[in-house]
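One structure is given here, and the rest of the page talks about it.
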Amino acid sequence: MTRSKRMVNSADQLLDGTSPVCHFHSKLMQKEPRVGGAWEWHQDYGYWYKNEFLLPDQMVSVMIAITKATKENGCLQVIKGTHKMGRVEHGITGEQNGAAQRYVDLALETMELVYVELNPGDALFFHSNLLHRSEANLSDAPRWSMISCYNRQENKPYNEKSTSCVTPISVVPDEALLDTKATGLVSVDFLDKESDVSIKS
């Protein structure tokens, strides 16, 4: 899915710069009924800044809804226009690394809070500096989504071990997803919360 022509071409149109589009990382978000917790206000670049990416306009995330996303099951919330504020300082809030609440409060005084309710298959592309959060899933329905993050090859990080973020994507036709057979988890690199620099204060 991450390498599909439609996804990569869309990212290419949105990103600043002209170098090839690369895949930084992807994750499956699973908020089970009455279990999935809340996420504090944050910017993705609030984390990625610590990986020493220098150009936030060359980074974008796309969230694809696998199940229906509603207010009741903790859909994503965004503060419209906050990507224009630049990076907000982040710090540890409980067990999460979140944006400084003072700036969130100021943004909410003049900018629109949007609940991003999605149907399965809908996609939301958002800038690396957009403030976003989600509530706990208090409904009887799960909320699953796939998030893929893209970067321009020229936006080299100076504190990131993965090289996929500067390796141009080998684009595949959109239909390739239907033709792919399950292979299991091979050569995966899962997030290590104990050592990942992007989630430390």
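The values are calculated or read from the model by the stated rules, or taken from the named source; none is laboratory data. None of the values given here were measured: they were computed from a predicted structure. Reconstructed Cβ throughout: ideal geometry from the backbone, glycine too, with neighbour counts over all protein chains shown.
Applying the condition of being surrounded by 16 or more Cβ atoms within 10 Å (Cβ to Cβ) and either of a type in the set (S, T, N, Q) or in contact with a helix residue (DSSP H, G or I) (Cβ under 8 Å, 6 or more places away or on another chain) (or both) to the stretch 4-18 and asking which residue is nearest to residue 62 (Cα to Cα) yields 10. Could you go through the stretch 96-104 and let me know if any residue there is of a type in the set (S, T, N, Q), in contact with a His (Cβ under 9 Å, 6 or more places away or on another chain) and more than 18 Å from residue 15 (Cβ to Cβ). Yes, that holds for at least one residue. Evaluated against (1) crowded, with 20+ Cβ neighbours inside 10 Å; (2) assigned to a loop (DSSP other than H, G, I, E, B); (3) in contact with a Leu (Cβ under 9 Å, 6 or more places away or on another chain), residue 107 falls short on exactly one condition, (2). Can you find, within the stretch 19-45, the residue that is modelled with the lowest pLDDT among those that are surrounded by fewer than 21 Cβ atoms within 10 Å (Cβ to Cβ) and aliphatic (A, V, I, L, M)? Across the stretch 19-45, the extreme among qualifying residues is 35.
When we screen 96, 101, 77 for residues that are within 28 Å of residue 164 (Cα to Cα), in contact with a strand residue (DSSP E or B) (Cβ under 8 Å, 6 or more places away or on another chain) and among the polar types (S, T, N, Q), the only hit is 96.
Can residue 152 be described as in contact with a helix residue (DSSP H, G or I) (Cβ under 6 Å, 6 or more places away or on another chain) and surrounded by 21 or more Cβ atoms within 10 Å (Cβ to Cβ)?
yes
Could you grab me the full set of residues in the stretch 48-61 that are crowded, with 18+ Cβ neighbours inside 10 Å and either of a type in the set (Phe, Trp, Tyr) or out of contact with any Leu (no Cβ under 7 Å at 6 or more places or on another chain) (or both)? Selection gives 48, 49, 50, 51, 53, 56, 59, 61.
Would you please name the residue that is surrounded by the fewest Cβ atoms within 10 Å (Cβ to Cβ), looking only at residues in the stretch 114-129 that are in contact with a Cys (Cβ under 9 Å, 6 or more places away or on another chain) and part of a loop (DSSP other than H, G, I, E, B)? Only one residue tops the list, namely 117. Restricting attention to the stretch 62-96, report how many residues are among the β-branched types (Val, Ile, Thr) and either closer than 27 Å to residue 152 by Cα or buried (at least 20 other Cβ atoms within 10 Å of the Cβ) (or both). Matching residues across the stretch 62-96 total 7. Count of the stretch 18-60 residues, restricted to those that are within 12 Å of the chain's Cα centre (by Cα) and within 12 Å of residue 87 (Cβ to Cβ), is 8.
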